[in-house]
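Asks: Quick one: this structure, given as structure tokens, is what I'll be asking you about.
Derivation of every value follows stated rules applied to the coordinates shown; laboratory data play no part. This one's a predicted model, so the numbers in the text were calculated from it and none came from an experiment. Cβ atoms come from the backbone with ideal geometry, glycine included; neighbour counts cover every protein chain shown.
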Amino acid sequence: MSTQVIEATERTRVRRHADRASYERERIYAILDEALICHLGFVFEGQPIVVPTMYARQGDWLYIHGAPASRMLRVASEAEVCIAVTLLDGLVLARSVFNHSMNYRSVVVLGRAQLITDTEEKMEAFQALVDHVVRGRWEEARHPTVKELKATKVLRLRLDQASAKLRQGPPTDPLQDQTLPIWAGEIPLRVGPMEPIEAPDLPVGIPVPDYARHYRRQVGAS
Ligand SMILES: Cc1cc2nc3c(=O)[nH]c(=O)nc-3n(C[C@H](O)[C@H](O)[C@H](O)COP(=O)(O)OP(=O)(O)OC[C@H]3O[C@@H](n4cnc5c(N)ncnc54)[C@H](O)[C@@H]3O)c2cc1C
């Protein structure tokens, strides 16, 4: 069973504003479960490359998938990678330019990405990926065929080198700035759904499922 806290190492310890760091699994997992995309960093021929992609967490593993021909999947397979996930919660407007900031919850994961070859685990990863994006969709959608499974590469990364960093709250202007006649405060931001738009070729009579009509991200416990 995994420990409650992921031990910080020289590589994963947040230095600046260390008070904003957390290594608690519950907090890290809540951020990973709420966000939709990550940025995956790998080194290709000496050049660091960062690519946005989707992911899912299942237990103590993160899953990444894509076409076998994708450079990201080819290079990251059995290689050291870095994954960053960010939830932007707001803009922080201070009186001074210097103290402007952002409210956020972010996670950085380091580790070696492993290629999944076991068909059953690959299928479980697919389910995790689908349910991460739209909970309940796996139950309804047509499941992958053997051909589709072969046409997709899945990598997994164990969550044992990870950190979270969180900034919340108002701007922190120095005392001498606080009486300046300049507005200061926060502009909260949130990713939210709009009305679902049905596919133009959708047969008549198929209702919008509840998970699409009332779509919302699961809000983490951070
Ligand atoms: C939306 C957003 C905007 C930001 N804007 C700025 C900015 O403009 N300028 C700036 O300097 N910083 C910014 N940061 C913070 C930035 O992510 C780093 O935390 C910061 O650069 C300090 O890094 P460091 O030198 O202390 O640690 P580093 O030595 O760079 O990192 C050491 C280890 O700490 C962990 N770590 C570092 N940062 C994070 C993080 N954000 N989340 C989780 N783990 C982390 C990683 O494991 C990393 O390997 C922003 C963060 C977010 C999410």
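Asks: Return the distance in nm (one decimal) between the two label points of a simple spin-label model at GLN114 and VAL134, each offset 7 Å from Cα along Cα→Cβ.
Replies: 3.2 nm
Asks: Okay, next question. So what J values fall out for the range 4-9 if you push phi through Karplus, 6.51 cos²θ - 1.76 cosθ + 1.60 with θ = phi - 60°, rounded to Hz, Gly and Pro as x?
Replies: Whole-Hz 3J(HN,Hα) from phi for the range 4-9: 6, 10, 8, 4, 6, 10.
Asks: Have a look at GLU80, GLU198, GLU140 and tell me which one the Gaussian network model of the chain (Cα, springs below 10 Å) gives the largest fluctuation.
Replies: Highest fluctuation among the options: GLU198.
Asks: In addition: Based solely on its DSSP helices, what 222 nm [θ] is calculated for the chain when runs of n ≥ 4 H residues each add -39,500 (n - 2.57) and the sum is averaged over all residues, nearest 500 deg cm²/dmol?
Replies: Calculated mean residue ellipticity at 222 nm is -5000 deg cm²/dmol.
Asks: For the range 18-213, give the magnitude of the charge dipole about the Cα centre (Cβ charges: +1 Lys/Arg, -1 Asp/Glu; no others), in debye to the nearest 20. Don't jump to the answer; show the numbers that get you there.
Replies: On the way: 22 positive and 26 negative charges, 81 e Å.
With only Lys, Arg, Asp and Glu charged at Cβ, the dipole is about 380 debye.
Asks: Among THR179, THR145, THR117, whose mean-square fluctuation peaks in a Gaussian network model of the chain (Cα, cutoff 10 Å)?
Replies: Evaluated over the chain, the most mobile residue of the options is THR179.
Asks: Highest first, please rank the peptides 167-173, 56-62 by the mean number of other Cβ atoms sitting within 10 Å of their residues.
Replies: Order by mean packing, descending: 56-62, 167-173.
Asks: With springs only between Cα atoms under 10 Å apart, run a GNM on the chain and tell me which of VAL107, VAL97, VAL14 wobbles the most.
Replies: The residue that fluctuates most here is VAL97.
Asks: Can you tell me how the range 116-222 classifies by the Cα gyration tensor, rounded, prolate or oblate, using a/c under 1.5 as the rounded cut? Write out the running numbers ahead of the final one.
Replies: Working: a/c = 4.00, a/b = 1.69, b/c = 2.37.
It is oblate, given that a/c is not under 1.5 and a/b is not larger than b/c.
Asks: Does the chain classify as rounded, prolate or oblate by the C-alpha gyration tensor (a ≥ b ≥ c root eigenvalues; a/c under 1.5 gives rounded; else a/b over b/c gives prolate, otherwise oblate)?
Replies: Oblate, since a/c reaches 1.5 and b/c is not below a/b.
Asks: Stokes-Einstein D for the range 2-125 at 10 °C, 1.306 mPa s, Kirkwood Rh over Cα pairs, in µm²/s?
Replies: Numbers: Rh = 16.3 Å.
Diffusion coefficient, whole number: 97 µm²/s.
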